[in-house]
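Structure, as structure tokens:
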Amino acid sequence: MTTSKKTVQAAIGIIGGSGLYNIDGLERVREVRVRTPFGAPSDAIILGVLGGARVAFLSRHGRGHRINPGSINYRANIYALKSLGVKQVISVSAVGSMKEAIRPGDVVLPDQFIDLTKRRISTFFDEGIVAHVGFGEPVCASVADALEAAGRAAGARLHRGGTYVCMEGPQFSTKAESRLYRQWGVDVIGMTNMPEAKLAREAELCYATVALATDYDCWHETEEAVTVEAILATLHKNVALAKQVLKTVVPKLAPDRACVCHQALGNAIVTAPDHMSASAKRRLNLLIAPYVRTRKGKR
Ligand SMILES: CSC[C@H]1O[C@H](OP(=O)(O)O)[C@H](O)[C@@H]1O
Ligand SMILES: Nc1ncnc2[nH]cnc12
């Protein structure tokens, strides 16, 4: 099925990262190819029912892991989920541990990000309409609460909170970079949560990450420096845990409950309505319709 117009298909979105290209236990599965004004998402979106709740699953790198972190169309991914009716996004990501106490195999629920990416489009508001959303608290605390409960129930060694530094990649860090990030006090490192989390906020979606620690990057004195092989080996052991967390958390989420994340654009749009270009209004209609009068007369 190909879809281009807004239809409520699922209120919960799951973005699967490295090692997570599908989810177990999905019922009534359907695949949709979503077109967006920003281009094509990483893959078809898999719609289905998990624990009684309708979910939309998207493989961030595409099935078969075809797209590198810097080439992912993050805007299309977030827009596509929004267009299906998604209100809450759970992101699953492999990360390097920047602290001794976070061991490979542990689960981290980051609550802060540092964006070191260099050449990614990180806003929907790049042309014709200017908006500045608040991002002091980039993670939805209520989704993180639910993830914490699900992670603990699944028996994960879990760390609530922490800073995820997002590097450009695709090469891993040098030791000098890795040591520098440790001095900054970061907890984990990855290559994908920026600009994903920023775009989710602009799209007024709740966003929280389940980070699976796979390695100690390259700062550790006695552990081997990170390799893809080591990451995949750790993920292989832990993907079942991630799937269990998802299965437990999804029925506990309440995507329709009021949340500040769903009002992120209120008071964020600066451009005066009579100075907004018609093309920007059309392109961003799905995001701005509650705040800006469109040709259809909606507010
Ligand atoms: C294949 S290892 C490196 C790769 O894994 C992480 O991706 P994701 O967040 O999608 O799980 C990391 O950011 C790199 O893109
Ligand atoms: N050490 C690392 N650096 C960047 N991304 C990662 N993903 C998993 N491990 C990583």
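The values are calculated or read from the model by the stated rules, or taken from the named source; none is laboratory data. Note that the structure is a prediction, hence the values are computed from the model and not measured. Glycine also receives a Cβ, built like all others from the backbone with ideal geometry; neighbour counts cover every protein chain displayed. Note: areas computed on protein heavy atoms with side chains; ligands, DNA, RNA excluded. Shrake-Rupley method; radii C 1.70, N 1.55, O 1.52, S 1.80 Å.
Taking the helices alone, the chain has a mean residue ellipticity at 222 nm of -7500 deg cm²/dmol, built from -39,500 (n - 2.57) per DSSP H run of at least 4 residues and averaged over all its residues. Here the Gaussian network model covers the chain, with springs between Cα atoms less than 10 Å apart; of Ala213, Ala149, Ala101, Ala101 fluctuates the most. Label-to-label distance for Arg33 and Asp145 is 4.2 nm, based on points extended 7 Å past Cα in the beta-carbon direction. Largest mean-square fluctuation among Ala76, Ala176, Ala240, in a Gaussian network model of the chain whose springs join Cα atoms under 10 Å apart, belongs to Ala176.
Residue-wise HN-Hα couplings along segment 41-47, as the Karplus relation 6.51 cos²θ - 1.76 cosθ + 1.60 with θ = phi - 60° gives them from phi, are x, 4, 6, 5, 9, 9, 9 Hz; Gly and Pro carry x. The Cβ shell under 11 Å around Ile15 holds other residues with a net charge of -1, Lys and Arg each +1, Asp and Glu each -1. Ordering of 228-236, 161-169 by packing is 161-169, 228-236, highest average first (other Cβ atoms within 10 Å, averaged per residue).
Based on the convex hull around the alpha carbon atoms, segment 92-296 presents an average projected area of 12.7 nm².
Extending 7 Å from the Cα toward the beta-carbon at both Asn68 and Ala258 defines two label points whose distance is 4.7 nm.
Between Ala101 and Ala153, the modelled labels are 2.6 nm apart [label points 7 Å from Cα along Cα→Cβ].
Probing with 1.4 Å while keeping every protein chain in the model, the per residue accessible area of segment 77-202 equals 38 Å².
Taking all protein chains in place and a 1.4 Å probe, what share, in percent, of the accessible surface of the chain do carbon and sulfur account for?
On the way: 6670 of 13380 Å².
Carbon plus sulfur share of accessible area: 50 percent.
For segment 92-296, the relative contact order is 35 percent, taking Cα pairs closer than 8 Å that sit 6 or more residues apart in sequence and dividing their mean separation by the residue count. When nucleic acids and ligands are ignored and a 1.4 Å probe is applied, Arg257 ends up with an accessible area of around 150 Å². Neighbours of Pro251 by Cβ distance under 13 Å: Lys/Arg scored +1, Asp/Glu scored -1, total +2. For segment 105-127, the residues whose amide N sits under 13 Å from a probe point set 7 Å from the Cα of Val270 along the beta carbon direction are 125-127. Summing charges over neighbours of Asp215, with a neighbour being any other residue whose Cβ is under 9 Å away from its Cβ, gives -3 when K and R count +1 and D and E count -1. Taking all protein chains as they are arranged and a probe of 1.4 Å, the heavy atoms of Ile121 leave approximately 100 Å² accessible to solvent. A simple rule links phi to the HN-Hα coupling: the Karplus curve 6.51 cos²θ - 1.76 cosθ + 1.60 with θ = phi - 60°, which for segment 86-103 gives 5, 10, 10, 10, 9, 9, 10, 9, 7, 9, x, 8, 10, 9, 3, 5, 9, 9 Hz, with x for Gly and Pro.
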